[in-house]
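The values are calculated or read from the model by the stated rules, or taken from the named source; none is laboratory data. Please read all numbers here as calculations on a predicted model, not as lab measurements. Cβ coordinates were reconstructed from backbone atoms using ideal geometry, including for glycine residues, and neighbour counts include every protein chain displayed.
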Amino acid sequence: MKVPENKLTAESPIEPIPLPEKVIIPLHQNIGAPCETMVKRGDKVLTGQKIGDSERFVNAPVHATVSGEISATTTVINPPTGQPAAALVITSDGKDEWVELEAPEEPEALSVKEILGKIREAGLVGLGGATFPTHVKLSPPEGKKIDTVILNGCECEPYITSDHRVMLEYGEKVLSGLNIIRKVLSPDNVYIAIEDNKADAIDHLEKLIVAMGFKEDFKIIPLKSKYPMGAEKTLLNTLLSREVPIGGLPLDIGVIVHNVSTTKAIHDAVFEGRPFVERVVTVTGVVKNPKNLLVRLGTPLRSLIDYCGGIDGKASEVILGGPMMGISQPDLDFPVTKGTSCVLVKESRPIREQDCISCGRCLEACPMYLIPTMLAKYTKAGRYDECQKAYIADCFECGACAYVCPANIPIVQYIKVAKSELIKRAATK
Ligand code: SF4
Ligand code: SF4
């Protein structure tokens, strides 16, 4: 499906934003278990110091992203789950004093176990927005052979350009991180998927692959620029003609997909011992100067918008992520978290939901061959079991159905409600 790209910031180099005066660090920023706090109010912390962790395997620790003092505890709505999560507030001392980084003398000599340990300790999660802990994704269950690794540089959502800029400005680190994954999983094939609207990134990485000696190992596959090409299931279908089984994962068909910002962070964690404390965020839409910013995690969204000259429009809404899959965020004091790739400020127009006219456009648009109109209808009627029978779990919330709906039915919002009800029911069984 073709959607307007609106990549306003494709030519905007990554710009570091000044250190915030205070950061808010949610203790749950990943799919899986939340962290427990390792500090208390009044404690002094250094940048990169671990301040939250868990003994659970499916978890990623969190770190202080500025040096200073733990000045408060608070609660935020956790982005991956929509549930309230405890958070730590750090007031910066303005010095940005770091913990001592433990960079290995011979990173190439690290064992797979040591590499996975470093990735875990750095708190890495999938930075495309999925926030699944990276060390877990790189530890397939025994007996599951991963034959193909795909580096996902598609970035098909309109407006977002953070991954595009990461490929252009941190290309060596992106490829170095990919090579670490190759060492961990020993796949037969490593592909780099990039949409053809990023010809400069394709060209740049092609040259780097040769210069870094990866010509025999990595293959770039340019793909048509089409929404939702970057979604894992679409990518696997297009690239390998393989389908993920219903309710399954790419690893069930021998594939693991990683995002380019994640592999850059893998390089930093393994080669430099650097915890994940900052990320690239596209700030775009109706702001005066849309930009790509390098931002410390925990920085309030308001600071990013102010740095870009403020909101340049009337009635507006702020979306975390892109216009298709993003989540509306009314609170501008909400912090940038590990999964924040974009802050989109949109002019909002009141839209009235109408009755379904059975036009079938949502069926044609759905890349998973679901029946989105039925999912919305079942949810409205509270018939969540029917949603389950209609394979709601296979919906990856790409938003294509809602985008084409002439009746303005917020189908994805209904789907999210049904999924959340089903999760609650499963938890109480
Ligand atoms: S959001 Fe809509 S179009 Fe996308 S996978 Fe789900 S049901 Fe299909
Ligand atoms: S696109 Fe909208 S109006 Fe058309 S069938 Fe789907 S839900 Fe109904």
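One residue is enough: does the range 368-384 have a residue meeting the conditions loosely packed, with under 13 Cβ neighbours inside 10 Å, more than 30 Å from Val286 (Cβ to Cβ) and among the small types (Gly, Ala, Ser)? Yes, some residue in the range 368-384 is loosely packed, with under 13 Cβ neighbours inside 10 Å, more than 30 Å from Val286 (Cβ to Cβ) and among the small types (Gly, Ala, Ser). Among the residues of the range 400-429, those that are surrounded by fewer than 15 Cβ atoms within 10 Å (Cβ to Cβ) and among the basic types (Lys, Arg) comprise Lys424, Arg425, Lys429. Evaluation of Glu397 against the conditions (1) more than 25 Å from the chain's Cα centre (by Cα); (2) more than 9 Å from ligand 2 (Cβ to nearest atom); (3) buried (at least 17 other Cβ atoms within 10 Å of the Cβ) shows that the sole unmet condition is (1). Could you go through the range 115-131 and let me know if any residue there is over 26 Å from Gly322 (Cα atoms), of a type in the set (Lys, Arg) and more than 22 Å from the chain's Cα centre (by Cα). Checked against the condition, which is being over 26 Å from Gly322 (Cα atoms), of a type in the set (Lys, Arg) and more than 22 Å from the chain's Cα centre (by Cα), the range 115-131 yields no hits at all.
Screening Val404, Val417, Val336 for residues that are touching a Ser or Thr at 6+ places or on another chain (Cβ under 6 Å) and not assigned by TED's automatic domain parsing to the domain that holds Val280 leaves exactly one candidate, Val417. Please specify each residue of the range 408-429 satisfying the condition of being under 28 Å from Pro158 (Cβ atoms) and either among the polar types (S, T, N, Q) or more than 14 Å from ligand 1 (Cβ to nearest atom) (or both). Passing the criteria: Asn408, Gln413, Ser420.
Within the range 7-53, if we keep just the residues that are modelled with pLDDT under 95 and more than 15 Å from Thr337 (Cα to Cα), the residue that is surrounded by the most Cβ atoms within 10 Å (Cβ to Cβ) turns out to be Gly32. Among the residues of the range 378-394, count how many are among the hydrophobic types (A, V, I, L, M, F, W, C) and either within 7 Å of ligand 2 (Cβ to nearest atom) or touching a residue at least 60 places away in the same chain (Cβ under 8 Å) (or both). Within the range 378-394, residues that are among the hydrophobic types (A, V, I, L, M, F, W, C) and either within 7 Å of ligand 2 (Cβ to nearest atom) or touching a residue at least 60 places away in the same chain (Cβ under 8 Å) (or both) number 1. Listed by first and then second residue, the pairs linking a residue in the range 400-418 that is outside any helix (DSSP H, G or I) to a residue that is among the aliphatic types (A, V, I, L, M) and more than 10 Å from ligand 2 (Cβ to nearest atom), with Cβ atoms under 9 Å apart and 6 or more places separating them unless they lie on different chains, are Asn408/Ile351; Pro410/Ile351. Listed by first and then second residue, the pairs linking a residue in the range 354-375 that is under 17 Å from Lys233 (Cβ atoms) and in contact (Cβ under 8 Å) with a residue 24 or more places away in the chain to a residue that is more than 9 Å from ligand 1 (Cβ to nearest atom) and assigned to a helix (DSSP H, G or I), with Cβ atoms under 6 Å apart and 6 or more places separating them unless they lie on different chains, are Pro367/Thr234; Leu375/Cys387. Kindly indicate whether Leu297 is within 29 Å of Val417 (Cβ to Cβ) and modelled with pLDDT under 95. Here the answer is no, as Leu297 does not meet what is asked. Within the range 344-365, restricting attention to residues that are within 16 Å of ligand 1 (Cβ to nearest atom) and surrounded by 15 or more Cβ atoms within 10 Å (Cβ to Cβ), the residue that is nearest to the chain's Cα centre (by Cα) is Ala365.
Working only within the range 195-204, note down all residues that are assigned to a helix (DSSP H, G or I) and free of Cβ contacts under 8 Å to residues at least 40 places away in the same chain. Ala199, Asp200, Ile202, Asp203, His204 - these are the residues of the range 195-204 that are assigned to a helix (DSSP H, G or I) and free of Cβ contacts under 8 Å to residues at least 40 places away in the same chain. Got at least one residue in the range 392-407 being farther than 30 Å from Ala64 by Cβ, among the acidic types (Asp, Glu) and more than 10 Å from ligand 1 (Cβ to nearest atom)? No; the residues of the range 392-407 include none that is farther than 30 Å from Ala64 by Cβ, among the acidic types (Asp, Glu) and more than 10 Å from ligand 1 (Cβ to nearest atom).
Residues in the range 334-377 that are in a loop (DSSP other than H, G, I, E, B), in contact with an Asp or Glu (Cβ under 9 Å, 6 or more places away or on another chain), away from ligand 2 (no atom under 16 Å from the Cβ) and under 19 Å from Glu397 (Cβ atoms): 1 in all.
Scanning the range 295-320 for residues that are surrounded by fewer than 18 Cβ atoms within 10 Å (Cβ to Cβ) and of a type in the set (D, E, K, R) gives Arg302, Asp306, Asp312, Lys314, Glu317.
Checked against the criterion of being buried (at least 22 other Cβ atoms within 10 Å of the Cβ) and of a type in the set (A, V, I, L, M), the candidates Leu101, Leu88 yield just one match: Leu88.
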